[in-house]
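Okay, structure first, notes after.
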């Protein structure tokens, strides 16, 4: 290519070189073959800091093709910094179409939420994972935790839940709630709220997890059992909210608290912005929704 | 009592390079029997204990254990998974320093309950009731159940460690200087407690100690070790009252008479 034809450096399709993508795909395939097992991989430096989704970006870069449609969410929202910049990144380096609509996306990279709209077969959900090891805070030695996974010694995971009940009277873990995958490996579902755990169970979509700093990839193939750990007398339950979304009136969705002013005013709104917008476009509205003629046009994905 | 031993150890040796850890140790341990291993530091007692509890693999020799179903299994030929299962169900290991045997960052109740959860108990209420019961058996107040061991005194930590080990009803307990680092009155109470538990539960135990008083109080039989070798073994009272090996005579006469 003529150096004068472009004024920026050109990258391979989807930023990573083909050998790296092959290496990551091998790790992904191994992860799919052993659901919930953490596969080590040679994580690369990415043009973003650790903790911003370097693992998820590498997984997405390895599986994305020119025909894919990408959606990126950050805490459920399509319009926050992390989501906007990763979306722009792939638009630039892979020239793929991007969307904010769950139904249209073939690949969704997510930071800590699963969309409210049920996923369908053929879709891929890529999670950004900060700490893949569910036993890490109970047993700091990696040699020991790997042995515990290998020998299926998971009593320690219940020690954490026991501590919760002893201290708070109930299981107080609300995110990164440990799950058992296909009756074998205990897995950290990344710091998604436990509200989303039931959505992982027998989901028709492929779920991939990438931890860049920790250099681990794991996967939940479609229609795989994902069971949240609990006690017989303290069964697993998800968060419930007293009121529906203030903007779209949705119930049984995960809500974020939004501070409105400095006098204690606040409201609870859908954390999944796409779901909320779609419901409002369909005519639903909550008690704080602006008048119908004031509802803004659906926002275009930011560059 | 049965007419078969619980543990058979034959010509067990452990070398660290050319140095001797322990050499050619042979003995049988019977159900409900407490065996004391005494000797000065560096005599190989802890190496022997670590080999027997499969925390270390010996250089040569064998040790066989009679499982609950009556089958004899050779310890060093079992898979790691089986050994670890044995360690947390049928065996206990009481460390000299309780911090090595406890999880210092989780509550006393969870420390006791961990083994139960490890063998598949998934009922919070039952686990907690068992923990309360065991804490009372080792004389820890029920209202301390949600405190972390960090908030406990040395003697309480040691008692908690004992409870944590005994909760699954093991048949064999290894103890490495269980009273080390405790003051004498606390030692006396702990020994009293241990003696009661061992008798009530019919535990077999191997106690490593340099304290002859501990051996006298707890054990029926003892082995005296020096430089990695067993220099004398026999009934505890016989060895202490009528020591035959020169080293044992030295050891017994070294005790300060108050």
#### Entry: Exercise: per-residue mean of other protein chain Cβ atoms within 10 Å, A:13-20
0
### Message
Based on alpha-carbon atoms only, what is the radius of gyration of chain A relative to the globular estimate 2.2 N^0.38 Å?
### Response
1.05
### Task
At 4 °C and 1.567 mPa s, grab the translational diffusion coefficient of the protein assembly as shown from Stokes-Einstein with a Kirkwood Rh over Cα pairs, rounded to a whole number in µm² per second.
47 µm²/s
### Message
Expected output is a single nm value to one decimal: the length gained when fully extending between residue B:249 and residue B:73, i.e. 0.36 nm times separation in residues minus the C-alpha distance. What is it?
### Response
59.6 nm
### Task
Determine the gain in length on full extension of the stretch residue B:150-residue B:100; use 0.36 nm per residue of separation and subtract their C-alpha separation, reporting nm with one decimal.
16.8 nm
### Task
Averaging sequence separations of C-alpha pairs under 8 Å and six or more residues apart, then dividing by the length of segment A:142-272, give the relative contact order as a whole percent.
17 percent
### Query
GNM on chain B, C-alpha springs below 10 Å: top fluctuator among B:39, B:113, B:196?
B:196
#### Entry: Peptide A:150-161, shielding by other chains (average Cβ, 10 Å cutoff)
5
### Query
Where the centroid of each part is defined by its Cα atoms, how far is segment A:198-256 from segment A:12-46 in Å?
24 Å
### Task
Could you tell me, in Å, what Rg and Dmax come out for the Cα atoms of segment B:106-153?
10.3, 31
### Message
Suppose the chain between residue A:233 and residue A:147 were pulled fully straight at 0.36 nm per residue; how much longer would it get relative to their current alpha carbon spacing?
### Response
28.0 nm
### Task
Take every residue in peptide A:228-240, count the Cβ atoms of other chains within 10 Å of its Cβ, and give the average of those counts.
2
### Query
Using r as the Cβ-Cβ distance of residue B:41 and residue A:172, and R0 as 45 Å, what FRET efficiency do you calculate, to the nearest 0.05?
0.45
### Alpha-carbon centroid distance for the pair segment B:193-228 / segment A:159-174, whole angstrom
39 Å
### Query
Cα centroid distance between segment B:57-103 and segment B:118-190, in Å?
20 Å
### Task
Among A:263, A:284, A:112, determine the one that fluctuates most according to a GNM of chain A built with springs between C-alpha atoms less than 10 Å apart.
A:263
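Rule-based calculations on the coordinates, nothing more; no lab input. Note that the structure is a prediction, hence the values are computed from the model and not measured. Cβ coordinates were reconstructed from backbone atoms using ideal geometry, including for glycine residues, and neighbour counts include every protein chain displayed.
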